[in-house]
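Comments concern the structure below.
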Amino acid sequence: AEAVAREVPGPDGAAVVGRIVALRAEIVHYKFGELSEALQLLQQAECALEVAPVRGDLLAHRILHLIHGGEFREATALRETAARSLHQADPVLRTRVAIAHTLALCAQGRIKQALTGVRKLAVKSLLPRKRTTWVVEELSAAYFVAAFRSAGPAVLPRLMRQFESPEAAEYHPDDTTFQLAYSSWLLARGALAEAHRQIRACVAALEFHDPS
């Protein structure tokens, strides 16, 4: 598919190639756990393609992979040093990078800064009419994590009320989603051994899940 896409002239062909590379990187990283290989795919394509918006998109994906792979310092450094190129990326991708950055702040213990950042992004997300599923879901997740880390299990009932929807009663999480949520609860309560056991079960179950 990538070889065929390269035969399409101009920005349209570059956009298709960039999208294929981004999808391949997601499979390589999130399915097979090969972060370095995913980053290499994205960086090689970014260097090879000459269309600025596509290069910006690939850079944004690279930052997302770094954050989701736990490489927070490298992601922050890249986000700062390549800010001009990142500004060329699709607005939705730029928003996703900003949301992921708040999760990185949480992981680094900068909880108040993360929560403030999420709230600012939430206000901004109300302004554009185009609100993609990715942005809505990732923003909700980031807010939940930041608020939960800020106040602990005591805030959970109030948080859940904010995420209620008419469809909520019909939602039944799969076993892995439940175990992840339960392990977060255990971790917040200080039950490290049990949280670790639940996480190990999640990791083992990933073999049987699709890349999402």
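The values are calculated or read from the model by the stated rules, or taken from the named source; none is laboratory data. Computed from a predicted model, the values in this text were never measured in an experiment. Cβ coordinates were reconstructed from backbone atoms using ideal geometry, including for glycine residues, and neighbour counts include every protein chain displayed. SASA here: full protein model, heavy atoms, side chains in, ligands and nucleic acids out. Shrake-Rupley method; radii C 1.70, N 1.55, O 1.52, S 1.80 Å.
Solvent-accessible surface of segment 47-152, taken per residue with a 1.4 Å probe and all protein chains present: 56 Å². Listed values for segment 52-63 are Karplus-derived 3J(HN,Hα) couplings in whole Hz (6.51 cos²θ - 1.76 cosθ + 1.60, θ = phi - 60°), namely 4, x, 5, 4, x, 4, 5, 4, 4, 4, 5, 5, and x replaces Gly and Pro. Solvent-accessible surface (1.4 Å probe) assigned to PHE178 amounts to roughly 120 Å².
Per-residue accessible area (protein heavy atoms, 1.4 Å probe) orders VAL92, VAL145 as VAL145, VAL92, starting from the largest.
Classify segment 53-153 as rounded, prolate or oblate from the Cα gyration tensor: take a ≥ b ≥ c as the square roots of its eigenvalues, call it rounded if a/c is under 1.5, otherwise prolate when a/b beats b/c and oblate if not. Verdict is oblate for segment 53-153.
Among ASP90, ASP12, the sequence by solvent-accessible area, most first, with a 1.4 Å probe is ASP12, ASP90. Packing, as the average of other Cβ atoms within 10 Å across residues, places the peptides 45-54, 77-86 in the order 45-54, 77-86, highest first. Per-residue Karplus couplings for segment 98-103, computed as 6.51 cos²θ - 1.76 cosθ + 1.60 with θ equal to phi - 60°, are listed in order as 5, 5, 4, 4, 5, 5 Hz, Gly and Pro entered as x.
Model label sites at GLN40 and ALA201, defined 7 Å from Cα along the beta-carbon direction, differ in position by 3.6 nm.
For segment 20-152, the fraction of 1.4 Å probe accessible surface lying on carbon and sulfur atoms is 54 percent.
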